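Below you will find the structure I want to go over with you.
The values are calculated or read from the model by the stated rules, or taken from the named source; none is laboratory data. Note that the coordinates shown come from a computational prediction; the quantities given were computed from them, not determined experimentally. Backbone-built Cβ (ideal geometry, glycine too); neighbour counts: all protein chains shown. Just the protein is used for accessible areas: all its heavy atoms, side chains included, with ligands, DNA and RNA removed. Shrake-Rupley method; radii C 1.70, N 1.55, O 1.52, S 1.80 Å.
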Amino acid sequence: MQVAKNLLGCLYLSGLALAAEKAVYAHFMVGIVENYTVDDWKQDIAQAQEIGIDGFALNCAPPRVDNYTPKQLANAYEAAADLGFHVFVSFDFAYWGDNDAADITSILRNYSSHPGQAYYNGGALASTFVGDYFNWNTVKNNMGGKKLTVIPMIQDPTYLSRQTTGIDGALSWYAWPTDGGNSVNPAPMTTIWDDRYLEHKGNLAYMAPVSPWFFTHFNTKNWAFICEDQPTRRWEQILQMKPELVEILTWNDFGESHYISGHEPHHSDDGSSEWAADFPHDAWRSLMKPYIAAYKSGAVSPTATHDELVYWYRPVPKGIQCTNDKIGRPRGVELFDDVVFASAILTEPAELTVTSGNQPPVTVSVPAGIHTFNFTMGVGEQKFSVTRGGTTILGGSGGKQIQQFCETYNFNAYVGAFAA
Ligand SMILES: *[C@@H]1O[C@H](CO)[C@@H](O)[C@H](O)[C@H]1NC(C)=O
Ligand SMILES: *[C@@H]1O[C@H](CO)[C@@H](O)[C@H](O)[C@H]1NC(C)=O
Ligand SMILES: *[C@@H]1O[C@H](CO)[C@@H](O)[C@H](O)[C@H]1NC(C)=O
C-alpha cells in the first residue's frame, strides 16, 4: 500500500514537473539596449510576465563588438531574479565564433546558478542565433560540474539525427513562410519546417518559433514575408504541434517589425523608427496571452476569459507609389492582400461589424473563442464594433487612418485593441 502510494505520488510529481517545463520565451535584442537600467529591464519583464512569457533569450554579441554586453547581461539577470522571471543567453554567432569557447563557458558558468537563470531538463539553458555547428561538448566539459541544456538555432533539421556537438535540442528560425533562404514564399505560414525538425529530433527538445510579422526596409535588407493573419494562425499551429518549448521572435526587433514590446524610449535606433515609431504592437501581446495559457495547459484552442477585439492593418494600400523613398519597393509586398484584420476574443457569440474607410460596413457572426477575420481595405477611418443581443459591447475607431499616399514604404502593421 505504502509502495503503491509512493509510486503514485512519484508519478503525480513527475507529471507536474513535466507540465511545468513547458515554457514560452521571447528573443530580446541586447544590442539595442546599451544604456538600459535595471528598471528599464523590469518594465519589459513586467509586460512579458503579464501575458505568461517565462523569460527572455538574451541575444548578444561579444564585448569586443558591444562593450556593454556584460553590463546588460548582469542587469537583465538582476531584474529577472527580482521579478521571478528566467532568462538565458542567446549567443549571436554572427559575432561569436569557435575561438570564443572559453568566454562562452565563463559566462554560462557565471550565471548557471543565478536565481534569474532559465533551466530546461535540469540544466541551465543556453541558445544561439546561427552558430549551428559550434562544439558544445567543450563548454559542457568545463562547467565545473554544473549542468547545461543547449538548444541552439539549427538551420538544417536533418542535422539533428546525426549531430555530435553536444546539443540538447534545436531552435528553428523558420518563423515565416520562406524556403530557408530569404526568398518570400506566397504564404501563408505552414508547419512544413516544424515537421522536418519533429521528424529528425529523436529525443532532443524542439523550440518552435512564433512570430507575428516581418517587414524590414534597410539598404541591405528590404523585404516583407507574407504573414498577414500569422498572429493567430501560428499560435493555432503551435497548439496542435505541442512543441516542448516556444520562442517568440521577437520581443524587440524593431528593424524587422516583429516586436511585441512597447516602443520604449530607452533603446537605440538603427533607423527602424522610420517604420516602427507610432506603430504599436502591444495589442498582439493581449492576443497572445490566451494562446500562451492554452499552450501551457495542453489545450488545442484558447479560452476567452473576457471580450476584446484586436485589430491590425498596414497604413497604405500596397499599390501606392511612395514619393520620397531612397531604397525602393520592398521585395514580396505584391503578395500582400489589401485587407484589415480583426481577431475577436469572445466569451460568448457576438456580431462584428467593420467599416474600413470608404468600403461599405461588413458584419460577421462570430462564435465564442478567438477568431480572426479580414475585411477589404478602404482608405480613411477604420471603424470596429462588436454587438451582442443588439447591444454594442465594444468598439471604436482604429488609432491610425489608412492613407492614399506615402513618402517611404511601410509594410509594418498598426495594431490596436478595444476591450469591453
Ligand atoms: C558574472 O556575474 C556578475 C553578476 O552576478 C556580472 O557582474 C559579471 O559581469 C559576470 N561575469 C561574466 C564573465 O559573465
Ligand atoms: C549611451 O550613453 C552614452 C553615454 O552617455 C552615449 O554616448 C551613447 O550614445 C548612449 N547610447 C545610446 C544608444 O543611446
Ligand atoms: C481573408 O479571409 C478569407 C475568408 O476566411 C480567407 O480565405 C483569406 O485567405 C483571408 N485573407 C488573408 C490575407 O488572410
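Can you find a residue in the stretch 213-221 that is open to solvent by 10 Å² or more (accessible area, probe 1.4 Å) and not polar (S, T, N, Q)?
Among the residues of the stretch 213-221, at least one is open to solvent by 10 Å² or more (accessible area, probe 1.4 Å) and not polar (S, T, N, Q), which makes the answer yes.
Next question, about the same structure. Within the stretch 287-325, can you find the residues that are small (Gly, Ala, Ser) and open to solvent by 40 Å² or more (accessible area, probe 1.4 Å)?
Ala293, Ser297, Ser301, Gly319 - these are the residues of the stretch 287-325 that are small (Gly, Ala, Ser) and open to solvent by 40 Å² or more (accessible area, probe 1.4 Å).
Follow-up. Just one of (1) closer than 24 Å to Gln43 by Cα; (2) modelled with pLDDT of 95 or more trips up Ser268, so point out which.
With respect to (1) closer than 24 Å to Gln43 by Cα; (2) modelled with pLDDT of 95 or more, Ser268 is out only on (2).
Does the stretch 71-107 hold any residues that are aliphatic (A, V, I, L, M) and either at positive phi or open to solvent by 10 Å² or more (accessible area, probe 1.4 Å) (or both), and which are they?
Hits for the stretch 71-107 are Ala74, Ala81, Leu83, Ala94, Ala101, Ala102, Ile107.
Quick one: count up the residues across the stretch 337-369 that are surrounded by fewer than 20 Cβ atoms within 10 Å (Cβ to Cβ) and either at negative phi or within 16 Å of ligand 1 (Cβ to nearest atom) (or both).
Qualifying residue count, the stretch 337-369: 18.
Which one is farthest from ligand 3 (Cβ to nearest atom), of the residues in the stretch 108-147 that are more than 21 Å from Val30 (Cα to Cα) and open to solvent by less than 10 Å² (accessible area, probe 1.4 Å)?
Met143
For the stretch 336-357, which positions are over 27 Å from the mean Cα position of the chain (by Cα) and either within 16 Å of ligand 2 (Cβ to nearest atom) or among the β-branched types (Val, Ile, Thr) (or both)?
Thr353, Val354, Thr355
Out of the residues in the stretch 34-56 that are within 16 Å of ligand 1 (Cβ to nearest atom) and in a loop (DSSP other than H, G, I, E, B), which is nearest to Asp82 (Cα to Cα)?
Taking the candidates together, the pick is Thr37.
Could I ask something else about it? Looking only at the stretch 283-331, how many residues end up being among the charged types (D, E, K, R) and under 25 Å from Lys221 (Cα atoms)?
6
Still on this model: Please tell me if Tyr77 is hydroxyl-bearing (Ser, Thr, Tyr), assigned to a loop (DSSP other than H, G, I, E, B) and either under 25 Å from the mean Cα position of the chain (by Cα) or within 16 Å of ligand 2 (Cβ to nearest atom) (or both).
For Tyr77, the condition - hydroxyl-bearing (Ser, Thr, Tyr), assigned to a loop (DSSP other than H, G, I, E, B) and either under 25 Å from the mean Cα position of the chain (by Cα) or within 16 Å of ligand 2 (Cβ to nearest atom) (or both) - is not met.
Now a separate question. In the stretch 193-207, how many residues are under 24 Å from Trp284 (Cβ atoms) and either in contact with a helix residue (DSSP H, G or I) (Cβ under 6 Å, 6 or more places away or on another chain) or surrounded by fewer than 24 Cβ atoms within 10 Å (Cβ to Cβ) (or both)?
3
Follow-up question, since we're still on this one. Take the conditions open to solvent by less than 20 Å² (accessible area, probe 1.4 Å), in contact with a helix residue (DSSP H, G or I) (Cβ under 9 Å, 6 or more places away or on another chain), more than 16 Å from ligand 1 (Cβ to nearest atom) and closer than 16 Å to Phe214 by Cα and apply them to Ser261. Does it pass?
So Ser261 fits the description; yes.
While we're here: Determine if the stretch 245-254 includes at least one residue that is in a strand (DSSP E or B), open to solvent by less than 10 Å² (accessible area, probe 1.4 Å), without any contact (Cβ under 8 Å) to a residue 40 or more places away in the chain and in contact with a strand residue (DSSP E or B) (Cβ under 9 Å, 6 or more places away or on another chain).
Checked the stretch 245-254: no residue is in a strand (DSSP E or B), open to solvent by less than 10 Å² (accessible area, probe 1.4 Å), without any contact (Cβ under 8 Å) to a residue 40 or more places away in the chain and in contact with a strand residue (DSSP E or B) (Cβ under 9 Å, 6 or more places away or on another chain).
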